[in-house]
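The values are calculated or read from the model by the stated rules, or taken from the named source; none is laboratory data. It should be emphasised that the depicted structure is a prediction, and the values quoted were computed from it without experimental measurement. Here Cβ is always computed from backbone atoms with ideal geometry, including for glycine, and neighbour counts include all displayed protein chains.
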Amino acid sequence: MPRDGIGKYVDKRDWSGYNEKLVRRGEIYLSLDFLDNWDEGLERMNEGKRGRPYEFPPAFIQFTGVLHILFLPYRQIEGFLRKLSQFVPQLRVADYTTIFKRLSGTEMSLKDTIRPSDEPVVIAIDSSGIKVTNRGEWMREKWRRHRGWIKVHIAVNIETKEIVSIVITDDRTADHRVFRDLIEQAEENLGEGRIRKVLADGAYDTREAFNILEERGMEAGIKMRRNASTRSRCSPYRARCVRERNRIGEDAWKEQNGYGKRWMCETGFSSVKGIMGEHVVSVKRESMFKEAFLKFLFYNMLLNLQ
């Protein structure tokens, strides 16, 4: 922490800029910029399309997606648009079925929400559960209705806090099972060769994970078991990391690898849940996954709001 010569803490954060950024986040909730490029967006979508043409451009569908994950179920979105169109005559109203089908079928890219850069990156990987119902704990215990969770696995750029890859599974999927998917997706979104180091807790301490990183020339900041073997056993790189950890001690290893910054994942999870809620309202599994993905996509958009 920054301190003056006497040892007193000095807060050097730009609170004015930080507060303004939080205030401006509210603008994105009702941004109608898509109206300016409505016709151009539709023309690009319908070029070469067979059958009935699209009536609503992608930017409008994204706008309804923001409304859905933050505020309203699909039917209420249609009512909201009806009322809003009374004040914004050029706004066309989509029915709730169209909104649902378009959101369900639209592939939104996480890469488009990441700020371009050529700098080397350290990423942190972790997972967290998202409730599939908003019923209280007491009700679940009383009626013995446990609908479980969906599990969100993310990789985060520890400097920018951006989510650079995301995999969504059911609650029975072990964390290390999606490690390769997270790394490959992060490479695709950031650019091959940019990831310098990967931080992760002991749930990812597998020989396969270390081999994946060695193949790609990435450093491993994965917490290893205290009694981990120093023999190769199909992963010479893991054995070298274990020997180095044993040589300098675990505390020094954590300091050397910046392991504490792994908690940037927790920052992302807590921000998403705090802003957009800890549960999904969708019923079907595919829709739950899509809704959860949109929450984290929107989080990146908020981070990079100028």
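Numbers below:
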quantity: Residues of the stretch 22-68 that turn out to be in contact with a Ser or Thr (Cβ under 8 Å, 6 or more places away or on another chain) and either free of Cβ contacts under 8 Å to residues at least 12 places away in the same chain or on the phi > 0 side of the Ramachandran plot (or both), as a count; calculated: 0
quantity: Every pair of residues 6+ apart whose Cβ atoms lie under 6 Å, when the first sits in the stretch 84-106 and is more than 17 Å from Trp38 (Cα to Cα) while the second is among the charged types (D, E, K, R); calculated: Asp95/Glu78; Tyr96/Arg75; Tyr96/Glu78
quantity: Close pairs from the stretch 167-185: first of a type in the set (Lys, Arg), partner not in a strand (DSSP E or B), Cβ under 9 Å, at least 6 apart; calculated: Arg172/Gly148; Arg180/Glu208; Arg180/Ala209; Arg180/Ile212
quantity: For Ser16: the one exception among (1) among the hydroxyl-bearing types (Ser, Thr, Tyr); (2) loosely packed, with under 13 Cβ neighbours inside 10 Å; (3) assigned to a loop (DSSP other than H, G, I, E, B); calculated: (3)
quantity: Where Asp251 falls short, out of the listed (1) within 22 Å of the chain's Cα centre (by Cα); (2) assigned to a helix (DSSP H, G or I); (3) loosely packed, with under 14 Cβ neighbours inside 10 Å; calculated: (1)
quantity: Boolean, Gly193 is part of a loop (DSSP other than H, G, I, E, B) and within 22 Å of the chain's Cα centre (by Cα); calculated: yes
quantity: Residue within the stretch 22-44 that is at pLDDT 85 or above and polar (S, T, N, Q) present; calculated: yes
quantity: Residue in the stretch 256-264 that is of a type in the set (A, V, I, L, M) and surrounded by fewer than 20 Cβ atoms within 10 Å (Cβ to Cβ) present; calculated: no
quantity: Selection status of Thr267, without any contact (Cβ under 8 Å) to a residue 60 or more places away in the chain, polar (S, T, N, Q) and either surrounded by 15 or more Cβ atoms within 10 Å (Cβ to Cβ) or assigned by TED's automatic domain parsing to the domain that holds Phe296 (or both); calculated: no
quantity: Filter result for the condition that a residue is surrounded by 15 or more Cβ atoms within 10 Å (Cβ to Cβ), at pLDDT 95 or above, touching a Phe, Trp or Tyr at 6+ places or on another chain (Cβ under 9 Å) and in the same structural domain as Val281 (by TED's automatic domain parsing), over Ile163, Ile130; calculated: Ile163
